[in-house]
1. With angles folded into 0 to 90 degrees, how steeply does helix B:119-132 sit against the dominant principal axis of chain B? Use alpha carbons for both and round to 10.
2. How big is D, in µm² s⁻¹, for chain B by Stokes-Einstein at 4 °C and 1.567 mPa s if Rh is the Kirkwood radius over C-alpha pairs?
3. So what's the back-of-envelope 222 nm ellipticity for chain A, counting only DSSP H runs of four-plus at -39500 (n - 2.57) apiece and dividing by all residues, rounded to 500?
4. P(r) tail for the protein assembly as shown, what percent of Cα pairs lie past 29 Å?
5. Using the beta-carbon distance between A:Phe102 and B:Ile94 and R0 = 25 Å, what value does 1/(1 + (r/R0)^6) give for FRET efficiency, to the nearest 0.05?
6. In percent, what relative contact order does the range B:103-184 have, based on Cα pairs under 8 Å that are 6 or more apart in sequence?
7. Are any of the pairs A:Lys87/A:Lys242; A:Lys190/B:Lys19; A:Lys87/B:Lys19; A:Lys164/B:Lys120; A:Lys87/A:Lys190 more than 19 Å apart by Cα-Cα distance, and if so, which?
8. For the range B:30-150, what is the relative contact order in percent, using Cα pairs closer than 8 Å and at least 6 residues apart in sequence?
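A short reminder: the numbers here are calculations on the coordinates, not readings from a lab. Values in this document were obtained by computation on a predicted structure and should not be read as measured data. Ideal geometry is used to build each Cβ from the backbone, glycine not excepted, and the neighbour counts take in all protein chains shown.
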Amino acid sequence: MESISDFVQYLVSSLSVGGLYALMALGLVIVYGISQLINFAYGELIMVAGYGLLIFGRSWLPWLIVAVMSILCAIIFALGMDQIAFKPVRNASPTTMLITSFAVSTLLQNIALLFISPRPRAPRLPSIFVKSVEVVGIRVKIVDVIALAVSIVALIALQIFLRKSIVGLSLRAAADDFTMTRLVGVNANKVIATAFAISGLLAGIVALFWIGRIGQVLPTVGFQPVLIAFIASVVGGLSSIKGAVLGGYILGFLTIGLQTWLPQDVNAYRDAIMFAIVIVMLLVRPEGLIRPAFSRETR
Amino acid sequence: MTQTTGNAAESLIVQDLTKDFAGLRAVDGVSFTVNPGEILGLIGPNGSGKTTTINVVTGLLNITSGSVRLGSLDMTGWQPHRIARAGLARTFQIVRLFKDFTVRENVEVAAVASGNARGKVVADRADRALRQLGIFHLANTPARVLPQGEERLVEIARAIATEPRFLLLDEPGAGLNDAEIESFLPTLRRLRTDLGCGILIVDHDMRLIMNLCDRIHVLNYGKTIAEGTPGEVRREPAVIEAYLGAEEAA
């Protein structure tokens with residue numbers, strides 16, 4: 001019985017962490033698919049939402065409202081960075097856009113450093129973030145279950161949005177052939193702004209659980225999530241939404257798996273072992289697990 | 001050089017269009033007018049600036065000098081999506097469908113973008129465009145599996161789903177066999193009568209051009225060398241020398 005309960009715990013943690021990683025990766029991929037921009041300032045959107053939790057959390061507002069406001073902040077910042085920083089370099093080379101994203105990232109981190117604090121701060125978090133429940137003898141953290149549920153709901157909602165809605169149709173078209181999409185009358189800037197808004201929304205949702213998990217927010221809080229998002233999307237395939245999701249879950253299962261089953265004295269090398277596995281995967285499938293349906297000939 | 005001016009309120013008027021690529025003048029002061037319901041052929045040897053002209057007119061390339069107007073509406077320098085919304089739709093030499101989409105989705109994107117996007121309106125418009133090209137039965141087929149002839153039709157259906165006032169076709173006959181071109185002709189003619197839109201067509205297939213066009217505009221080295229009815233153009237010495245000569249003599 002002990003081993004089964006261990007396994008269920010492992011499964012719940014992995015699915016919950018994997019779901020978060022999938023959402024992180026999606027936030028990168030949705031923008032990359034349309035504009036070929038790998039937005040490394042994505043991590044700072046998570047930071048923004050984190051500071052939202054801290055600042056709005058000092059008020060009397062119920063936590064759920066604080067959370068929604070924090071997510072809104074991430075969306076507003078995402079739209080803002082598109083308009084202010086990325087729109088002017090829209091037609092520049094991918095390298096220029098990449099460097100721009102590093103600049104935005106550094107800038108936002110330094111603003112947080114200067115105006116808030118270089119030290120970690122603990123935002124007000126509801127008690128569900130630390131509580132566990134016992135279901136038929138198996139202990140699971142409530143927050144894991146919520147994260148698992150939220151990530152699945154978000155993934156399905158995004159899929160429905162992309163498949164069924166008119167805006168989603170334009171987004172998918174733009175990801176396939178951006179120029180052609182403009183030539184049939186789709187407003188390019190609006191489509192890109194929508195992608196950034198979705199990216200901000202995902203960053204906001206991720207922030208709630210990421211910061212809920214580590215319990216504090218600091219200027220560099222976005223670094224690890226953006227790194228994970230990047231690795232997950234590269235593993236899965238950068239130009240595919242399915243790939244991002246798959247990559248996220250794979251990384252989640254790997255992380256938790258290594259954490260659970262590695263012997264104590266090897267656990268310090270967990271990340272090194274995980275990256276070694278990632279490297280092997282990329283050697284076998286350099287274009288990611290899910291390849292784009294067709295190579296992009298004309299770009 | 002003759003300059004035809006039709007009903008100026010409705011026509012697509014290209015005036016003195018010039019396009020430079022880093023010192024190379026690809027299109028040099030070309031002027032033409034496409035009237036509603038008219039089919040104008042734009043022909044010329046390879047590299048004479050035909051596709052560049054279409055690219056500038058549809059906003060894909062910046063104009064160096066000159067103007068592009070739709071009636072009294074000056075569209076010079078507009079973004080591609082605005083030009084598309086104003087009523088110019090185009091197809092490409094190499095068919096560019098959204099490969100991951102079904103035929104219907106391909107057409108729907110265009111129907112969405114051009115109007116106030118309501119689900120029902122979009123669906124109706126897409127249906128109509130598919131029916132007009134006789135490919136309604138392909139609606140749920142993935143675009144990637146289509147043979148070339150049908151890809152062409154889908155691309156045109158996508159263009160007309162924007163409810164264009166002018167349709168710009170860049171080598172619609174490229175890659176089609178004789179039989180396909182044969183069946184293509186009545187389709188294109190029907191589009192003109194059904195939609196009442198003007199068509200600008202670039203192609204190398206002389207049979208297609210001569211049979212289809214009301215007027216023909218001939219370019220060579222980016223300059224207009226002749227314009228007139230197919231009969232007139234065929235007799236123009238400059239044209240025979242530059243372009244038709246080789247084909248007709250063969």
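1. 60 degrees
2. 71 µm²/s
3. Result for chain A: -23500 deg cm²/dmol, rounded to the nearest 500.
4. In whole percent, the share of Cα-Cα pairs in the protein assembly as shown beyond 29 Å is 60.
5. Rounded to the nearest 0.05, the efficiency is 0.10.
6. After rounding, I find 38 percent.
7. A:Lys87/A:Lys242; A:Lys190/B:Lys19; A:Lys87/B:Lys19
8. Answer for the range B:30-150 is 19 percent.
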